[in-house]
Amino acid sequence: GLDSVKREVKNLVNLLQINEMRRKNGLKEAPVTRHFVFTGNPGTGKTTIARILGKVYKESGLLSKGHLVEVGRADLVGKYVGHTAVLVKEVFERARGGVLFIDEAYSLTNEDSGGFGQEAVETLLKLMEDNRDDIAVIAAGYPALMQEFLDSNPGLRSRFNKQIVFDNYTPEELMSIFSGMCSKAFFRLTEQASACALAFFEDRVSRNLPGFANGRDVRNYFEKALTNQANRLAAMVSVTDEDLMTINEEDVKSIELF
């Protein structure tokens, strides 16, 4: 999955490689985007890609460390006057040299708590400008809410001028993730179990439930399948290695996610 995201990362890698050639030949380098907005539903790999970008930037010399610091509203917004700026600066120092990943960034501006969230945004923008040579900031969240976030402050769109959209996974991609989890843990799916799991993911995607969480749903489904398998095997008198490594239809057909 994430074909469009992979293309964006590949484009960035190509640009960095060409910049390295230009640098070695004494030519001016092309500008490289450091700050991104990631939009997409939960479980689509936003944090994973942010971590990969940190490694890419470190290898290219754009970041000194390349580590990831993930934060949310509670890490940035204080409870009294003067507290917010201190929190933002502390987070920024931890992220210096790497990637600051702000999950559900829109929560900073969707508020009625005295403007402390807006203070966090303003402090963040100033620190991004003052330290633009050794940090990358990624603001992430649901698509529509992230557009409201960008519209909330004139400086946000100019700082975050690159957006990457993380689409939901298809049923086939979710099934591929599930099969991969099974293989890595040395489990084998029977044909009936595979068909049942695929039908589950097709139904899950088609219903477009508010709680649909893409890859996280797959992980939860996998864990429930293992629990069901364990319960089934525990009731057996004799268990073979083949039994231990096999997930059958009974293990997956009754799984429910909320």
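The values are calculated or read from the model by the stated rules, or taken from the named source; none is laboratory data. Treat the numbers as computed from the prediction; the structure is a model and nothing was measured. Backbone-built Cβ (ideal geometry, glycine too); neighbour counts: all protein chains shown. Remember, those area values only see protein heavy atoms, side chains included, never the ligands or the DNA or RNA. Shrake-Rupley method; radii C 1.70, N 1.55, O 1.52, S 1.80 Å.
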query = Just checking, how many residues over region 166-177 are more than 12 Å from Gly45 (Cβ to Cβ) and of a type in the set (Val, Ile, Thr)?
reply = 1
Out of Arg132, Arg96, sole residue that is without any contact (Cβ under 8 Å) to a residue 60 or more places away in the chain and of a type in the set (D, E, K, R) = Arg96
First in region 1-29 and in contact (Cβ under 8 Å) with a residue 40 or more places away in the chain and open to solvent by less than 80 Å² (accessible area, probe 1.4 Å), second anywhere and among the acidic types (Asp, Glu) and part of a helix (DSSP H, G or I), Cβ under 8 Å, 6 or more apart = Gly1/Glu173
query = When you go through (1) in contact with a Phe, Trp or Tyr (Cβ under 7 Å, 6 or more places away or on another chain); (2) of a type outside the set (S, T, N, Q); (3) free of Cβ contacts under 8 Å to residues at least 60 places away in the same chain one by one for Arg188, which number turns out not to apply?
reply = (1)
inquiry  = Please determine whether any residue of region 179-199 is in contact with a Pro (Cβ under 9 Å, 6 or more places away or on another chain) and either modelled with pLDDT under 95 or crowded, with 16+ Cβ neighbours inside 10 Å (or both).
reply    = yes
task = Note down all Cβ pairs under 6 Å where the first residue falls in region 246-258 and is over 18 Å from Ala213 (Cα atoms), the second is in a strand (DSSP E or B) and open to solvent by 40 Å² or more (accessible area, probe 1.4 Å), and they're at least six residues apart or on different chains.
result = Thr246/Arg188
key: Residue check for Lys126: surrounded by fewer than 19 Cβ atoms within 10 Å (Cβ to Cβ), over 20 Å from the mean Cα position of the chain (by Cα) and basic (Lys, Arg)   = yes
query = If you take the residues in region 40-70 that are open to solvent by less than 40 Å² (accessible area, probe 1.4 Å) and in a loop (DSSP other than H, G, I, E, B), which one is nearest to Met21 (Cα to Cα)?
reply = Leu62
ask   = Of everything in region 154-170 that's open to solvent by 20 Å² or more (accessible area, probe 1.4 Å) and without any contact (Cβ under 8 Å) to a residue 60 or more places away in the chain, which residue is nearest to the chain's Cα centre (by Cα)?
value = Arg157
request  = Give the residues of region 216-231 that are of a type in the set (S, T, N, Q) and either farther than 19 Å from Glu250 by Cα or surrounded by fewer than 19 Cβ atoms within 10 Å (Cβ to Cβ) (or both), sorted by residue number.
outcome  = Asn220, Thr227, Asn228, Asn231
inquiry  = Could you check region 26-39 and list, in sequence order, the residues that are among the β-branched types (Val, Ile, Thr) and under 17 Å from Leu16 (Cα atoms)?
reply    = Val32, Thr33
key: Residue that is modelled with the highest pLDDT, among those in region 89-119 that are farther than 17 Å from His35 by Cα and open to solvent by less than 20 Å² (accessible area, probe 1.4 Å)   = Leu108
request  = Please specify each residue of region 158-182 satisfying the condition of being over 30 Å from Val32 (Cα atoms) and among the hydrophobic types (A, V, I, L, M, F, W, C).
outcome  = Leu174, Met175, Ile177, Phe178, Met181, Cys182
task = Within region 201-215, work out how many residues are of a type outside the set (D, E, K, R), in a helix (DSSP H, G or I) and open to solvent by 40 Å² or more (accessible area, probe 1.4 Å).
result = 2
